[in-house]
Structures are given as structure tokens and as C-alpha cells.
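The values are calculated or read from the model by the stated rules, or taken from the named source; none is laboratory data. Model, not experiment: these values are computed from the prediction. Cβ coordinates were reconstructed from backbone atoms using ideal geometry, including for glycine residues, and neighbour counts include every protein chain displayed. Only protein heavy atoms, including side chains, enter the accessible area calculation; ligands, DNA and RNA are left aside. Shrake-Rupley method; radii C 1.70, N 1.55, O 1.52, S 1.80 Å.
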Amino acid sequence: MRSTNRFRMRKSIHSESAPQQVSLTSLMDVITNILVYTIKIFAVSTITIQDPSVFLPVSSSRENPEDTVVVMITGKVRKEVEDNKEIFVEEMPTIMVDDKVIQKVDSKTYRVPANAKQRGYIITSLKQELLHIRKEQETTAKLTDGEGFNGRVVIVADKNTPYRLLADVLVTCGEAGFGHFKFAIVKREA
Amino acid sequence: MRRVRARRQSEELGEPEILPMMNIFFMLVMVLMGMSAFLPLGVISTHAPRLASGNSVATGKQGPGLKVMLLKTGINISVKGALLAGDSSPLLPKISFGDRLVYDFEGLKEKLTELKKQYPTETNIMIMSDPDVIYEDIVHTMDASRESVNGEILFPDVAFIPGVIQ
């Protein structure tokens with residue numbers, strides 16, 4: 001009688017514990033696939049835009065971005081989500097080079113202060129930073145026998161940036177020797 | 001009894017502990033997803049005007065020197081320095097779209113398709129703009145200059161003139 005009870009108890013323990021043994025192998029496969037896919041996407045897109053005030057325009061261009069100097073013009077409105085509601089917070093547009101803030105711009109007129117410019121168009125601080133990057137690229141190319149300075153620059157600008165500011169940035173880039181502009185866009189789905 | 005225990009131990013050793021590895025993988029996925037914006041990003045290549053652009057000085061051939069000008073009121077096109085509209089008024093005035101006025105990019109595509117038939121070997125075009133025109137409109141102008149409505153290649157070498165129409 002006692003042995004029968006013990007057998008029943010053991011059986012009940014086994015039957016309860018059996019469903020708890022979940023096979024993680026298939027889940028592991030799924031996560032590995034997602035990881036590989038994410039790494040692939042990450043490797044393809046050489047530019048990442050994390051600033052919440054930058055909304056890129058949509059274009060029919062199919063050209064892929066390349067890894068080069070990024071000059072960013074942020075927008076004057078930042079989108080935030082609070083209590084499941086989208087709110088827009090005003091902020092000062094800035095010119096950044098490779099995530100480094102170079103120049104603040106007036107949020108109403110999108111004008112760079114006159115004392116920060118030369119000859120009407122050239123933004124002094126931006127030119128200095130670009131010349132510094134150019135020198136670095138040339139030095140690295142000499143040391144590594146790699147590709148020298150190619151004059152390419154990716155312009156990442158908010159879609160509402162007026163041409164007034166864009167022209168200043170382009171003239172400054174050209175003045176520093178960066179004459180091949182690549183405008184960042186969001187590809188239109190075919 | 002000992003044999004049973006030994007068998008159990010060997011069975012336990014046989015199963016690899018994949019849960020911590022899975023945690024790491026999961027965290028890696030999360031970090032990578034957080035770092036990358038899942039937008040299909042691309043670029044449009046342009047360049048500052050060169051001596052050989054438009055009027056082909058290098059080859060000695062006279063090109064049409066096509067220019068698209070984005071004005072506050074619409075779009076103008078110039079060929080060989082002459083405005084197609086005849087005067088400074090826009091060739092393609094802004095059109096109403098809902099409660100606002102927008103540039104007529106479809107009209108621009110049609111005009112450029114006609115010009116492509118006249119100059120089939122030309123690939124260069126220059127874009128100038130009013131200081132208040134926004135970047136999005138400039139990108140759409142570049143799109144309209146590159147491809148026709150039917151997907152034919154028009155003027156893919158877009159030069160962006162770093163100067164403003166005063």
C-alpha cells in the first residue's frame with residue numbers, strides 16, 4: 001500500500017515537472033537569426049541618425065550611403081512622446097560634424113550670426129573643423145597607404161531647412177575642399 | 001543505485017546551458033535595434049559646379065547649360081542662359097494642393113523630358129534656389145531632374161549651385 005502511494009506521488013511529480021522542460025533550442029535559433037539580420041542591416045547603413053529633430057526628405061534615389069564625414073543640420077522642432085501623445089518641443093537648430101556641435105543657428109531666421117561668418121557665406125567654425133578633418137584624412141592616408149582625401153561629405157539636413165542655411169554649409173564645405181556633396185534621404189519604397 | 005546516479009549526472013552534463021547565451025544574444029539584438037534607425041537611408045550625389053559642367057569647356061562642345069531655378073512663386077528653367085518663360089515670371093507656377101501651394105514637380109518632369117528629346121546626350125543640370133525654399137523641395141527638384149514620369153533617365157548629373165537667387 002505504502003509503495004503504491006509512493007509510486008503515485010513519484011508519478012504525479014514527474015507529470016507536473018515534465019511540461020516545465022521547455023526546449024530553448026528553437027527559440028535560440030530564432031534569436032540568432034534576428035541577430036544576424038540586425039547586424040547585416042547595421043553593417044549596410046553607414047550613417048545613423050539618432051537626433052529626434054532631424055526628419056529626412058523622401059527621395060527616389062537608390063544610391064547607398066557611404067562612410068565619410070557627416071555634416072548635420074538639425075531641425076527646430078523635436079518630437080517627443082508623452083502619455084501616448086506626440087508633442088513637439090522647440091529647440092535651436094545646430095550644425096554638427098560627426099556628432100560634434102559646431103555652430104548654433106537662430107531658430108526663427110535660420111541665420112548663422114554675422115560674427116561667426118566670413119565673406120557672407122563661410123561659417124568659420126565649420127570650415128576650421130572640416131580643414132582639421134581633411135588634414136587628419138591626408139595624414140592617415142600617408143601612414144596607411146590608403147585612399148587619400150576624396151572631398152566627399154554627407155549632408156544630413158532636416159527637411160525644413162531653408163536653402164539660406166544649406167547654401168552657407170555647402171559654400172563652407174566647398175571652401176574646405178569637400179566639393180562632392182551627398183545629401184542624405186529616406187529611400188522611397190518601390 | 002550508484003549506477004542510476006551516475007547515469008543521471010551524465011545526462012545532466014549532456015544538456016548545455018543556453019539560457020545565459022540567449023540572454024546575451026537578446027541584449028545584443030536590443031542594443032543593435034536601438035542603435036540603428038530602421039529607415040532605408042540613401043544619398044543623392046551632387047557636386048559643386050565644375051568648369052566642364054553645363055558648357056562642356058573641356059571638350060570644346062557647347063552644351064545647353066540647363067538650369068532649374070526654384071523661386072518663391074514657382075519654377076523657372078533656363079537653357080543657354082535664356083529663360084524658357086521669356087521673362088522672370090515662373091514657367092511653372094505653384095499649384096494648389098489642399099489648402100497650400102506646392103511646386104509643380106510633375107510639370108517640371110514633363111518640361112525636362114521635352115528638353116531631353118532636344119539634347120539627348122546632355123546629362124548635366126544645375127539647380128539654383130531662393131533662400132527661403134526648403135530642403136525637401138530641393139530634393140524633389142533633384143528627383144524630377146533625374147527621372148521622367150516613365151522612369152527614363154533625364155539629367156542625372158545634378159550640380160548644386162552653392163549660391164542663392166537674390
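A few notes on this one:
- Filter pass, A:GLN103 being free of Cβ contacts under 8 Å to residues at least 60 places away in the same chain, surrounded by 11 or more Cβ atoms within 10 Å (Cβ to Cβ), under 17 Å from A:ARG164 (Cα atoms) and under 20 Å from the mean Cα position of the chain (by Cα): yes
- Candidate set from region A:54-67 (those that are within 13 Å of the chain's Cα centre (by Cα) and at pLDDT 85 or above); member that is most open to solvent (accessible area, probe 1.4 Å): A:PHE55
- Residue within region A:98-119 that is facing chain B (nearest Cβ under 9 Å), out of contact with any helix residue (DSSP H, G or I) (no Cβ under 6 Å at 6 or more places or on another chain) and in a loop (DSSP other than H, G, I, E, B) present: no
- Considering residues of region A:159-171 that are within 7 Å of chain B (Cβ to nearest Cβ) and of a type outside the set (Ser, Thr, Tyr) only, the residue nearest to A:LEU56 (Cα to Cα): A:LYS159
- Residue within region A:76-87 that is out of contact with any Cys (no Cβ under 8 Å at 6 or more places or on another chain), more than 10 Å from chain B (Cβ to nearest Cβ), assigned to a loop (DSSP other than H, G, I, E, B) and open to solvent by less than 90 Å² (accessible area, probe 1.4 Å) present: yes
- Some residue of region B:1-18 being at pLDDT 80 or above and open to solvent by less than 100 Å² (accessible area, probe 1.4 Å): no
- Conditions (1) surrounded by fewer than 19 Cβ atoms within 10 Å (Cβ to Cβ); (2) within 11 Å of chain A (Cβ to nearest Cβ): number failed by B:LYS111: (2)
- When the strands (runs of 3 or more DSSP E) confined to region B:64-119 are screened for residues that are under 20 Å from the mean Cα position of the chain (by Cα), those reaching at least 1 such residues are found at B:67-70, B:74-79, B:100-102.
- Filter result for B:MET22 (within 9 Å of chain A (Cβ to nearest Cβ) and either at pLDDT below 85 or out of contact with any Gly (no Cβ under 7 Å at 6 or more places or on another chain) (or both)): yes
- Residue match in region A:151-168 (condition: open to solvent by less than 70 Å² (accessible area, probe 1.4 Å), in the same structural domain as A:LYS76 (by TED's automatic domain parsing) and over 21 Å from B:TYR135 (Cβ atoms)): yes
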